[in-house]
Amino acid sequence: MAVRVALRNKCGFSGFLLQLSYGSRQGRVCASPVIAAQQRNNSTTTNIKVDFDQSTGVAVMYMQSPPVNSLSLDFLTEFCINLEKLEMDKSCRGLIVTSSQPKVFSAGLDIMEMYGKSPEHCGEFWRAVQEMWLKMYSSNMATIAAINGSSPAGGCLMSMTCDYRIMADNPRYSIGLNETQLGIVAPFWFKDTIINTVGHRTAEMALELGLLFSPSEALKIGLVDQVVPEDQVLTTATQAMTKWLAVPDHARQITKSLMRKPTLDKLTSSREADIQNFVSFITKDSIQKSLRVYLEMLKKRKG
């Protein structure tokens, strides 16, 4: 059991992809409004910390799940509950998402949610991934990703749901959807999100090759909007938010909906089929074997 817990804490999906590509080297649904309200009243958060400044109407959400903010089922559920709470508070107009962990924004999906699990659990997990994307991509709040570390795979997806992205200027950090490096295919709504962000041709190459971009490369293709010194990411995000909130909320929100609704509708109308496709894929013997190889390699390293 101790080994299993240790592995769970270390296994961001993107880290898995990176290790294998260098050849050594995504049930429980996010809570309904009623359940969410009950949980907010009855529990204290551990994976997410929210600081809300009522004087500015801006909340900062810190992801704080050591060591790499892996997107586990518990993490995603808590993330959605906190997001829903802010969305329901009409005084909250802007949200900045960032990380409390050094050197990483989010390492992506937690592979322990996908390895050796029942089809039912895998479906539950994937529904939570969908819910995070749907809530973030459709948020009425102005949203900014303050990317203060590497943000591959699921971390990249989360950052792309935001209206604006600011990344730390550190060549050791990277961002991108690198799923193909493992033989995984990014689902259509990952694909649509990156196309909407960087354009079709750039997205096509990035997805097929599973590319990870340095901050300067990401800025060049439009995957991020600003690159700033590492110690200025959050302050820059706070400053940038004033520009977004200077626009009347209703005008900004309606425009955002016009831009994003077709993409959102595609997943909303086919969530169950998307879940079934994911479960069918991730439970294949060949994919489970790949996951097992990585986990065994990780245990040897820890040994």
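Some points to look at:
- Flag if residue 172 is more than 22 Å from residue 59 (Cα to Cα), out of contact with any helix residue (DSSP H, G or I) (no Cβ under 9 Å at 6 or more places or on another chain) and not aromatic (Phe, Trp, Tyr): yes
- Of all residues in the stretch 279-303, those satisfying the criterion of being modelled with pLDDT of 90 or more and over 23 Å from the mean Cα position of the chain (by Cα) are 284, 285.
- Listing of helices (runs of 4 or more DSSP H) fully contained in the stretch 170-234 that carry 2 or more residues being closer than 13 Å to residue 157 by Cα and under 15 Å from the mean Cα position of the chain (by Cα): 188-198
- Any hit, the stretch 102-122, residues being in contact with a strand residue (DSSP E or B) (Cβ under 9 Å, 6 or more places away or on another chain) and polar (S, T, N, Q): yes
- All of 155, 116, 108 fail the test of being touching a helix residue (DSSP H, G or I) at 6+ places or on another chain (Cβ under 8 Å), modelled with pLDDT under 95, crowded, with 22+ Cβ neighbours inside 10 Å and not aromatic (Phe, Trp, Tyr), apart from 108.
- Flag for residue 97 being crowded, with 19+ Cβ neighbours inside 10 Å, β-branched (Val, Ile, Thr) and closer than 24 Å to residue 296 by Cα: no
- Residues of the stretch 141-164 satisfying the condition of being among the polar types (S, T, N, Q) and touching a Lys or Arg at 6+ places or on another chain (Cβ under 8 Å): 150, 159
- Condition met for residue 267 (at pLDDT 95 or above, of a type in the set (A, V, I, L, M, F, W, C), under 20 Å from the mean Cα position of the chain (by Cα) and not in a helix (DSSP H, G or I)): no
The values are calculated or read from the model by the stated rules, or taken from the named source; none is laboratory data. Note that the coordinates shown come from a computational prediction; the quantities given were computed from them, not determined experimentally. All Cβ positions, glycine included, derive from the backbone under ideal geometry; neighbour counts span all protein chains shown.
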